[in-house]
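Worksheet: one structure, shown below.
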Amino acid sequence: MDRLDGSAHLIIVSDLDFTMVDHLDPDNLGLLRFNAMWEAYYRQDSLLVFSTGRSPTIYKQLRKEKPLLTPDIAIMSVGTEIMYGESMIRDEDWEQYLNKNWNREIVTEETAQFPELTPQSETEQRPHKVSFFVEKIEALKVIRSLSERLEKRGLDVKLVYSNETALDVLPKGAGKGQALAYLLEKFKIDGKMPVNTLVCGDSGNDAELFSVPGVYGVMVSNAQEELLQWHAENARKNPNIIHATERCAAGIIQAIGNFSLGPNVSPRDIRDFQKCKVEIFNSSHEVVKFYLFYERWRRAEVAKNMQTPKLIFFPFGTFVHPSGVEQSVNHCIDVMARLHGDKQGTNYRIWVDRVSSAQVGSDTWLVKFYKWESFGEERHGCLTTVLLSSKAEVPDGFTWMHMHQTWLEGSEPKDQTTWLF
């Protein structure tokens with residue numbers, strides 16, 4: 001919450017499964033396009049919030065499987081848990097608030113009376129969430145009857161049905177929409193109300209997000225019938241909610257453009273940065289641009305022209321490999337020449353996360369970020385610090401002066417000889 005000194009230019013609040021993450025896209029290209037755009041243009045002055053039905057356990061599992069960025073805030077377990085930052089610090093005030101008129105034991109007793117309900121895995125049973133699977137044909141009858149029984153027991157609860165299979169029993173004050181409203185109120189109290197908020201979803205448990213006053217909303221093209229039906233009945237005339245024509249993360253990018261919330265062309269969609277100049281010139285964009293170039297170099301998607309890396313790097317600069325070995329930039333460029341095309345025809349990808357920069361001199365910038373590489377089932381990452389110079393002799397660009405990397409815990413590869421930059 002405190003990463004930004006003032007109000008966020010934009011807060012994106014997105015569901016994960018089949019909204020930010022497209023499980024039918026094995027190459028994760030939509031997600032990688034969003035990642036590049038966010039880190040290049042938004043990370044410095046905006047906030048990313050993931051709002052998911054997943055518990056912390058399977059949320060962390062998804063992060064190991066997919067190239068997800070680190071959100072500033074994670075709303076989990078259908079809005080019953082809020083956590084902040086990379087360390088996932090719990091919002092205990094929110095959980096205290098949810099205790100009102102909530103008794104998990106009574107919920108468990110009453111739901112046991114319904115043979116139509118199949119409990120979800122133990123990881124998905126949370127202090128303020130009791131979760132089941134139920135067939136669509138039985139769902140409406142079960143929801144009506146269970147609501148009546150719990151009300152007679154004196155509980156204020158909410159039943160959320162989504163994905164035509166999942167039923168969650170929550171405290172009445174919980175839910176994705178209420179969790180977002182709570183966060184926006186905290187921003188307001190701190191004098192940091194965001195300029196714009198964009199909510200993104202695909203299923204029934206996302207509907208509440210679109211009900212929060214003052215937000216823009218996008219239902220991705222692959223949104224389920226339950227969400228589309230809710231929209232038709234409740235928000236059809238709201239011009240600030242659209243049904244995208246693009247799937248998942250691509251639909252989020254589309255919405256940013258539709259509502260004019262900021263840049264909506266991902267650097268991944270630019271094939272030649274020399275021919276296509278961008279209006280936003282900053283150190284974050286420089287980092288994203290370089291690693292896209294390096295990925296394409298390894299995949300042989302750019303020509304083997306050694307003048308390009310020689311123009312990027314300061315000839316007397318140094319690179320400290322994550323192993324601790326210091327190497328000259330000239331040596332690294334020689335290694336880079338040998339690596340051209342070594343990943344051709346593979347699913348090799350690079351992305352950066354948590355890019356932050358500070359101007360440390362009149363023309364120098366210190367940039368820190370996580371750099372990740374994935375190849376097949378392997379995934380490796382390091383903390384990277386780069387010193388950039390923006391002197392006039394490099395038009396529309398930076399010179400990379402020095403680079404230092406250290407392995408992120410447990411992510412170093414067995415063979416480190418081809419790890420570069």
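The values are calculated or read from the model by the stated rules, or taken from the named source; none is laboratory data. Note that this is a predicted model, so its numbers are computed, not measured. Cβ: placed from backbone, ideal geometry, glycine included. Neighbour counts: every protein chain shown. When the accessible area is computed, the model is the full protein with side chains, heavy atoms only, and any ligands, DNA or RNA have been set aside. Shrake-Rupley method; radii C 1.70, N 1.55, O 1.52, S 1.80 Å.
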Practice task
Answer yes if at least one residue in the stretch 338-350 is farther than 23 Å from ARG379 by Cα, out of contact with any Ser or Thr (no Cβ under 7 Å at 6 or more places or on another chain), open to solvent by 20 Å² or more (accessible area, probe 1.4 Å) and polar (S, T, N, Q), and no otherwise.
Solution key: no
Practice task
Would you point out the residue of the stretch 370-399, among those that are within 20 Å of HIS340 (Cα to Cα) and in contact with a strand residue (DSSP E or B) (Cβ under 6 Å, 6 or more places away or on another chain), that is least open to solvent (accessible area, probe 1.4 Å)?
Solution key: LYS371
Fill in the blank from the handout: Given (1) at pLDDT below 95; (2) in a helix (DSSP H, G or I), ASP272 misses just (2)
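When you check SER357 against the structure, is it surrounded by 19 or more Cβ atoms within 10 Å (Cβ to Cβ) and not aromatic (Phe, Trp, Tyr), yes or no? Explain how you work it out, then say what you get.
On the way: surrounded by 19 or more Cβ atoms within 10 Å (Cβ to Cβ): yes; not aromatic (Phe, Trp, Tyr): yes.
For SER357, the condition - surrounded by 19 or more Cβ atoms within 10 Å (Cβ to Cβ) and not aromatic (Phe, Trp, Tyr) - is met.
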Exercise for the section: Give the residues of the stretch 171-203 that are within 22 Å of LEU140 (Cα to Cα), open to solvent by 20 Å² or more (accessible area, probe 1.4 Å) and part of a helix (DSSP H, G or I), sorted by residue number. Expected result: none
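Look at SER211 and say whether it is over 28 Å from LYS289 (Cβ atoms), crowded, with 16+ Cβ neighbours inside 10 Å and more than 20 Å from the chain's Cα centre (by Cα).
Details: over 28 Å from LYS289 (Cβ atoms): yes; crowded, with 16+ Cβ neighbours inside 10 Å: yes; more than 20 Å from the chain's Cα centre (by Cα): yes.
When the stated conditions are applied, SER211 passes them.
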Exercise for the section: Under 6 Å between Cβ atoms, at least 6 apart or on separate chains: pull out the pairs that start in the stretch 306-329 with a residue that is closer than 15 Å to VAL386 by Cβ and end on any residue that is small (Gly, Ala, Ser). Expected result: VAL329/GLY317
Exercise for the section: Might you check whether a residue that is more than 25 Å from ASP202 (Cα to Cα), assigned to a strand (DSSP E or B), without any contact (Cβ under 8 Å) to a residue 24 or more places away in the chain and open to solvent by 70 Å² or more (accessible area, probe 1.4 Å) occurs anywhere in the stretch 87-94? Expected result: yes
Practice task
Return yes when ARG33 is open to solvent by less than 20 Å² (accessible area, probe 1.4 Å) and in contact with a Lys or Arg (Cβ under 8 Å, 6 or more places away or on another chain) and no when it is not.
Solution key: no
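If you check SER46, SER51, SER77, which single one turns out to be surrounded by 24 or more Cβ atoms within 10 Å (Cβ to Cβ) and within 13 Å of the chain's Cα centre (by Cα)? Spell out how you get there, then give the answer.
Numbers: SER46 fails: surrounded by 24 or more Cβ atoms within 10 Å (Cβ to Cβ); SER77 fails: within 13 Å of the chain's Cα centre (by Cα).
One residue alone meets the criteria, SER51.
Taking the stretch 400-421 as the search range and keeping residues that are open to solvent by 60 Å² or more (accessible area, probe 1.4 Å) and at pLDDT 95 or above, which one is farthest from LEU32 (Cα to Cα)? Please lay out each step first, then the result.
Within the stretch 400-421, the first condition is being open to solvent by 60 Å² or more (accessible area, probe 1.4 Å), and the residues that meet it are 402, 404, 409-410, 412, 414-415, 417.
If we keep only those that are at pLDDT 95 or above as well, we get 402, 404.
Details: HIS402: 26, HIS404: 24 Å.
Ranking the qualifying residues of the stretch 400-421, first place goes to HIS402.
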